[in-house]
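K.L.:
First, the structure itself, so that you have it in front of you.
The values are calculated or read from the model by the stated rules, or taken from the named source; none is laboratory data. Here the structure is a predicted model, which is why all the values come from computation and not from measurement. Note: ideal-geometry Cβ built from the backbone for every residue, glycine included; neighbour counts use all protein chains shown.
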Amino acid sequence: MSYAVIDDRGSQYTVKAGQRLRLDLHDGAPGTKVVFDRVLLVSTDGGTVVGTPVVAGARVEGTVVRHGRAAKIVVFKKRRRKGYRRKQGHRQGYTEVRVDAVVGA
């Protein structure tokens, strides 16, 4: 069982083959192949390789499954006794990616 830790635009994710992963919104239509080449750690049956800062030659290959929006969160601000109330909603966009392969160095 091999897994890797990747860095995608400032966020780190632990991934393994066959897993579905929700990332911040990416460009690319569903079915598009994506490659993550900033691999920070690769672990296989043969051992673990930690990058300094990245593992040379390692990459994670995946396929864009779909784009969507997460559940709504409510942002509510209030100042007591001042008559100040603000209610705002937000839905964060995401891209769902299926991890096809973890290619170690």
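K.L.:
All but one of (1) touching a residue at least 12 places away in the same chain (Cβ under 8 Å); (2) in contact with a strand residue (DSSP E or B) (Cβ under 7 Å, 6 or more places away or on another chain) hold for T44; state the number of the condition that does not hold.
P.N.:
With (1) touching a residue at least 12 places away in the same chain (Cβ under 8 Å); (2) in contact with a strand residue (DSSP E or B) (Cβ under 7 Å, 6 or more places away or on another chain) applied to T44, the lone miss is (2).
K.L.:
Also: State whether one or more residues within the range 63-78 are of a type in the set (S, T, N, Q) and more than 20 Å from T14 (Cβ to Cβ).
P.N.:
Checked against the condition, which is being of a type in the set (S, T, N, Q) and more than 20 Å from T14 (Cβ to Cβ), the range 63-78 yields no hits at all.
K.L.:
Picking from G93, G68, G10, G83, which residue would you name as being modelled with pLDDT of 95 or more, small (G, A, S) and surrounded by fewer than 10 Cβ atoms within 10 Å (Cβ to Cβ)? Steps first, answer last, please.
P.N.:
Values: G93 fails: surrounded by fewer than 10 Cβ atoms within 10 Å (Cβ to Cβ); G68 fails: surrounded by fewer than 10 Cβ atoms within 10 Å (Cβ to Cβ); G10 fails: modelled with pLDDT of 95 or more.
After ruling out the rest, the residue left standing is G83.
K.L.:
Name the single residue, out of those in the range 13-61 being of a type in the set (V, I, T), surrounded by fewer than 16 Cβ atoms within 10 Å (Cβ to Cβ) and within 18 Å of T95 (Cα to Cα), that is nearest to the chain's Cα centre (by Cα).
P.N.:
Looking at residues that are of a type in the set (V, I, T), surrounded by fewer than 16 Cβ atoms within 10 Å (Cβ to Cβ) and within 18 Å of T95 (Cα to Cα), I get T14.
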